[in-house]
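**Student:** One structure follows; several queries about it will come next.
The values are calculated or read from the model by the stated rules, or taken from the named source; none is laboratory data. None of the values given here were measured: they were computed from a predicted structure. Every residue, glycine among them, receives a Cβ derived from its backbone with ideal geometry; neighbour counts consider all protein chains shown.
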Amino acid sequence: MAEVPLATRMRPRSFEEFVGQTHLVGPGKALSELIQGGHLPSVVLWGPAGSGKTTLAHLLADAVGAEVVQLSAVSSGVADARKVMDRAKGGMLRTVLFVDEVHRWSKAQQDVLLPAVEEGTIILIGATTENPYFSLVTPLLSRCLLLRLEPLSPSEVRALLIRALEDEGRGLGGIPVKVEEDALDHLVEVAGGDARIALTGLEAGVLSAKEAGEDVVTRERAADAVQKKAIVYDRQGDAHYDVISAFIKSIRGSDPDATLFWLARMLEAGEDPRYIARRMVVHASEDIGLADPRALQVAVAAAQAVEYVGLPEARLNLAEAAIYLARAPKSNSVIAALSKAMEDAASADPVPLHLREAGTPTARKLGYGKGYKYPHDFPGHTVDQEYRPARFEGTRYYEPSGEGEETAGEPGPDAPV
């Protein structure tokens, strides 16, 4: 037992021992009522690492008397899933196929599960740290109950640490080492809501104190055991989207210091600099646009610099571009105009005859191109004629914001481009 990590040994054996996720499990909660009635639909558990996804999957299966077969999408594939599904067809017990990190399966691999889930041959429980709306195929997601798990609160993490210290059978209760309160505080802070990090740090601190012949785990020893506070950021997980969202919103809010904070967070956590650069290129048109047309050039230059220079030097190029975008005047006229135009463009209205290509005799006989006015034949190279289907005549999509270089009023030859 001692060779098994503390986080595994202390895994809850019942819902009574389960800590956290009170919005999902507990008296009166829909999930609890379902399993009390013996019903368990296919489920996708979406949440950060250490929030209890694996534990909850096993507890749900146990609650309805189902057999659990666990696969990891990192090391298993379609052949493994097919074996489970084939065996489930002739089994006496209901089969729960638990796929950890299900987002790592390709869309084609996920599609293999659809018939078995649809027919009820298996109950699928998928665990993912990634937003399932981005990482799972829609047909599979529509057949599953989506449950969002939250990081554990500091009080919940502390409760788990204290339980591990007091448990003499599975935990550290048999080791005569005391853990100081500020050491517990540090472990809770370092964990960032991840029970596994907290328990692993606790075990390392207690065992290292024991080996050193000490009977107390101080804050310094706890800090040494976990080395440093980890940045809670999974490049393949939901934090990836949260941090880039905070970065973009800081730029949009014209706060260069907050912009640099989130940029540094991503770079420190190992985010792909090309991804950061791509998001800035999009943002330059979405939220700055014609208020400062140079913003797009700066963002594209930063993206090119990332490819040409690479890290670590390209951090400077990203930072320069990020600061420029944050300080630039803001306008969302481009995306607003495009969105309105796309709504109308979704119609099936035909192209007006005078705008159609008249390059063949047959086209000309049908009236294609008839009445078209060639702008270069008119003063100022402009002419009053309609360029859209009749029912959209006069509809205005582009509205200059009046910010920065984007002058208000009717666009014309003197408007900045």
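**Student:** Output the qualifying pairs, or none if there are none: Cβ atoms under 7 angstrom, residues six or more apart or on different chains, first residue in the stretch 208-226 and over 15 Å from Asp182 (Cα atoms) and in contact (Cβ under 8 Å) with a residue 60 or more places away in the chain, second residue hydrophobic (A, V, I, L, M, F, W, C) and buried (at least 16 other Cβ atoms within 10 Å of the Cβ).
**Tutor:** Close Cβ pairs (under 7 Å, with a partner that is hydrophobic (A, V, I, L, M, F, W, C) and buried (at least 16 other Cβ atoms within 10 Å of the Cβ)) do not exist here.
**Student:** Still on this model: Taking the stretch 32-50, which residues are under 22 Å from Gly193 (Cβ atoms) and of a type outside the set (Val, Ile, Thr)?
**Tutor:** Start the filter on the stretch 32-50 by keeping residues that are under 22 Å from Gly193 (Cβ atoms), which leaves 43-50.
Across the stretch 32-50, the qualifying residues are Leu45, Trp46, Gly47, Pro48, Ala49, Gly50.
**Student:** Can you name every residue in the stretch 91-145 that is part of a loop (DSSP other than H, G, I, E, B) and of a type in the set (A, V, I, L, M, F, W, C)? So that I can check it myself, show each step before the final result.
**Tutor:** Taking the stretch 91-145 and keeping what is part of a loop (DSSP other than H, G, I, E, B), we get 91-94, 101, 105-106, 113, 120-122, 129-131, 136-137, 143-144.
Residues satisfying the conditions are Met92, Leu93, Trp105, Leu113, Ile122, Leu136, Val137, Cys144.
**Student:** Let me ask something else. Return the pair list, or none, for Cβ contacts closer than 9 Å from residues in the stretch 330-349 that are farther than 20 Å from Glu393 by Cβ to residues that are basic (Lys, Arg) and part of a helix (DSSP H, G or I), at least 6 apart or on different chains.
**Tutor:** Final answer for the pair search is Lys330/Arg252; Asn332/Arg252.
**Student:** Checking Arg82 against (1) out of contact with any Phe, Trp or Tyr (no Cβ under 7 Å at 6 or more places or on another chain); (2) crowded, with 17+ Cβ neighbours inside 10 Å; (3) not in a loop (DSSP other than H, G, I, E, B), which single condition isn't satisfied?
**Tutor:** Going through the list (1) out of contact with any Phe, Trp or Tyr (no Cβ under 7 Å at 6 or more places or on another chain); (2) crowded, with 17+ Cβ neighbours inside 10 Å; (3) not in a loop (DSSP other than H, G, I, E, B), Arg82 breaks only (2).
**Student:** Would you be able to say whether some residue in the stretch 33-44 is touching a strand residue (DSSP E or B) at 6+ places or on another chain (Cβ under 6 Å), at negative phi and among the β-branched types (Val, Ile, Thr)?
**Tutor:** Let us first name the residues in the stretch 33-44 that are touching a strand residue (DSSP E or B) at 6+ places or on another chain (Cβ under 6 Å), namely 40-44.
Now drop any that are not at negative phi, which leaves 40-44.
If we keep only those that are among the β-branched types (Val, Ile, Thr) as well, we get 43-44.
Among the residues of the stretch 33-44, at least one is touching a strand residue (DSSP E or B) at 6+ places or on another chain (Cβ under 6 Å), at negative phi and among the β-branched types (Val, Ile, Thr), which makes the answer yes.
**Student:** Applying the selection to the stretch 192-220, what residues are hydrophobic (A, V, I, L, M, F, W, C) and closer than 15 Å to Leu6 by Cα? Please lay out each step first, then the result.
**Tutor:** We begin by selecting, within the stretch 192-220, every residue hydrophobic (A, V, I, L, M, F, W, C); these are 195, 197-199, 202, 204, 206-207, 209, 212, 216-217.
Result: Ala195, Ile197, Ala198, Leu199, Leu202, Ala204, Val206, Leu207.
**Student:** Output the residues belonging to the stretch 36-48 that are surrounded by fewer than 18 Cβ atoms within 10 Å (Cβ to Cβ) and either among the small types (Gly, Ala, Ser) or part of a helix (DSSP H, G or I) (or both). Full working, then the answer.
**Tutor:** Taking the stretch 36-48 and keeping what is surrounded by fewer than 18 Cβ atoms within 10 Å (Cβ to Cβ), we get 36-39, 41.
Matches in the stretch 36-48: Gln36, Gly37, Gly38.
**Student:** How many residues are under 24 Å from Val137 (Cα atoms) and small (Gly, Ala, Ser) if we restrict to the stretch 23-60?
**Tutor:** Total meeting the criteria: 6.
This table checks each residue for (1) modelled with pLDDT under 90; (2) outside any helix (DSSP H, G or I); (3) crowded, with 17+ Cβ neighbours inside 10 Å.
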{"residue": "Pro151", "(1), (2), (3)": "yes, yes, yes"}
{"residue": "Pro176", "(1), (2), (3)": "no, yes, no"}
{"residue": "Leu199", "(1), (2), (3)": "no, no, yes"}
{"residue": "Glu203", "(1), (2), (3)": "no, no, yes"}
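**Student:** Using beta carbons and a limit of 6 Å, which pairs, at least six apart or on different chains, have the first residue in the stretch 51-68 and touching a residue at least 24 places away in the same chain (Cβ under 8 Å) and the second one aromatic (Phe, Trp, Tyr)?
**Tutor:** Ala57/Phe98; Leu59/Phe15; Val68/Phe98
**Student:** Checking Arg356 against (1) over 26 Å from Tyr397 (Cβ atoms); (2) basic (Lys, Arg); (3) touching a residue at least 12 places away in the same chain (Cβ under 8 Å), which single condition isn't satisfied?
**Tutor:** (1)
**Student:** A follow-up question, please. Taking the stated definitions as given, is Ala284 among the aliphatic types (A, V, I, L, M) and more than 26 Å from the chain's Cα centre (by Cα)? I'd like the intermediate steps shown before the answer.
**Tutor:** Numbers: among the aliphatic types (A, V, I, L, M): yes; more than 26 Å from the chain's Cα centre (by Cα): no.
For Ala284, the condition - among the aliphatic types (A, V, I, L, M) and more than 26 Å from the chain's Cα centre (by Cα) - is not met.
**Student:** Considering each of Ala345, Ala314, Ala319 in turn, give the residue that is out of contact with any Phe, Trp or Tyr (no Cβ under 7 Å at 6 or more places or on another chain) and buried (at least 21 other Cβ atoms within 10 Å of the Cβ).
**Tutor:** Working: Ala345 fails: buried (at least 21 other Cβ atoms within 10 Å of the Cβ); Ala319 fails: buried (at least 21 other Cβ atoms within 10 Å of the Cβ).
After ruling out the rest, the residue left standing is Ala314.
**Student:** Follow-up. Could you check Glu313 against (1) assigned by TED's automatic domain parsing to the domain that holds Ala277; (2) without any contact (Cβ under 8 Å) to a residue 24 or more places away in the chain; (3) of a type in the set (D, E, K, R); (4) within 30 Å of Ser401 (Cα to Cα) and say which number it fails?
**Tutor:** (4)
**Student:** Right, another one. For the stretch 48-72, which residues satisfy the criterion of being of a type in the set (A, V, I, L, M, F, W, C) and either in contact with a strand residue (DSSP E or B) (Cβ under 9 Å, 6 or more places away or on another chain) or modelled with pLDDT under 90 (or both)? Break it down stepwise before answering.
**Tutor:** Step one: list which residues in the stretch 48-72 are of a type in the set (A, V, I, L, M, F, W, C), which gives 49, 56-57, 59-61, 63-64, 66, 68-69, 71.
Result: Ala49, Leu56, Ala57, Leu60, Ala61, Ala63, Val64, Ala66, Val68, Val69, Leu71.
**Student:** Condition first: touching a residue at least 60 places away in the same chain (Cβ under 8 Å) and hydroxyl-bearing (Ser, Thr, Tyr). Now tell me which residues in the stretch 127-159 satisfy that.
**Tutor:** Thr128, Thr129, Ser153
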